[in-house]
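Data first, discussion second: the structure below is written as structure tokens.
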Amino acid sequence: MNENKILELKDIRREFRMGSEVVRALKGVSFDVRAGEFLTIMGSSGSGKTTLLNTLGCLDKPTEGTYLLDGVDIRKLSRNDLARLRNHKIGFVFQAYNLLPRTSALENVELPLLYNPTIGVKARKERAIRSLEAVGLGDRLDHMPNQLSGGQQQRVAIARALVNEPVMILADEATGNLDSRTSFSIMALIQDLNAQGKTIVFVTHEPDIASFSSRTVMLKDGKVVKDSINENRRSAKDVLASLPVTEDY
């Protein structure tokens with residue numbers, strides 16, 4: 001595994017003022033993620049998971065502490081620079097897919113490249129096609145989201161996350177809306193991408209899903225209570241193969 005650090009968090013604290021009260025959502029979170037790691041972040045509701053996700057995704061800045069994304073200190077960036085960094089360095093995958101409904105799979109995947117003035121129309125299309133082929137949807141380029149199953153929509157979302165060649169894929173409960181078989185199929189895809197060298201940070205509350213990653217950080221009450229290597233990492237492909245055969249997912 002590559003030794004360079006993609007993420008470095010040092011004593012991250014995030015406080016919100018609600019009326020006269022101060023809510024301490026993160027209370028000194030520290031950990032690193034190296035290139036090529038597949039990390040899951042777990043925690044129950046109220047553990048600080050969402051606040052941490054927003055910090056990692058450069059959607060929010062910490063109140064205190066240092067967050068370096070690929071060597072860049074995000075607290076020193078303006079809002080525009082943050083948006084640029086987010087678009088170039090992070091590929092987001094959400095629970096609700098967040099696809100544009102009246103837009104084809106190909107056009108949905110091209111979207112992040114529209115903000116990159118260095119990429120022309122032809123190159124944009126080629127990269128989007130490559131991304132869709134990488135997630136097994138090379139034959140669905142012109143399909144609208146409503147013509148795709150939930151699992152296929154999530155694959156389009158993953159292709160969109162890949163298209164800018166980010167340093168990290170950040171997934172938020174990305175299997176939360178899917179049945180078990182489709183979840184395992186998406187996790188098999190994520191494991192494949194990780195095997196190809198992609199750095200994955202996957203937020204989940206499901207131990208089942210975390211068991212597919214190489215490492216798990218557990219949050220509770222805004223603090224890291226456990227940071228452990230998953231010694232018995234499961235293969236999603238093996239789990240899929242062990243399930244009874246049903247219709248296409």
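A few comments on the model shown:
- Looking across region 154-186, the residues that are assigned to a helix (DSSP H, G or I) and farther than 29 Å from residue 115 by Cα come down to 180, 181, 182, 183, 184, 185.
- Of the numbered criteria (1) within 21 Å of the chain's Cα centre (by Cα); (2) free of Cβ contacts under 8 Å to residues at least 24 places away in the same chain, the one residue 150 fails is (2).
- Candidate set: region 67-102, residues that are of a type in the set (S, T, N, Q) and surrounded by 15 or more Cβ atoms within 10 Å (Cβ to Cβ); chosen: the one nearest to residue 155 (Cα to Cα): 95
- Residues (crowded, with 18+ Cβ neighbours inside 10 Å and outside any strand (DSSP E or B)) located in region 4-49: 36, 37, 43, 47, 48, 49
- Failed condition for residue 55, given (1) in a loop (DSSP other than H, G, I, E, B); (2) within 16 Å of residue 9 (Cα to Cα): (1)
- Of 136, 151, all but one fail to be small (Gly, Ala, Ser) and surrounded by fewer than 18 Cβ atoms within 10 Å (Cβ to Cβ); the exception is 136.
- Unmet criterion (only one of (1) in contact with a Lys or Arg (Cβ under 6 Å, 6 or more places away or on another chain); (2) farther than 21 Å from residue 53 by Cβ) for residue 167: (2)
No lab work stands behind these numbers, since they all come straight from the coordinates. Just so it is clear, the structure is predicted and the values come from calculations on it, not from any experiment. Ideal geometry is used to build each Cβ from the backbone, glycine not excepted, and the neighbour counts take in all protein chains shown.
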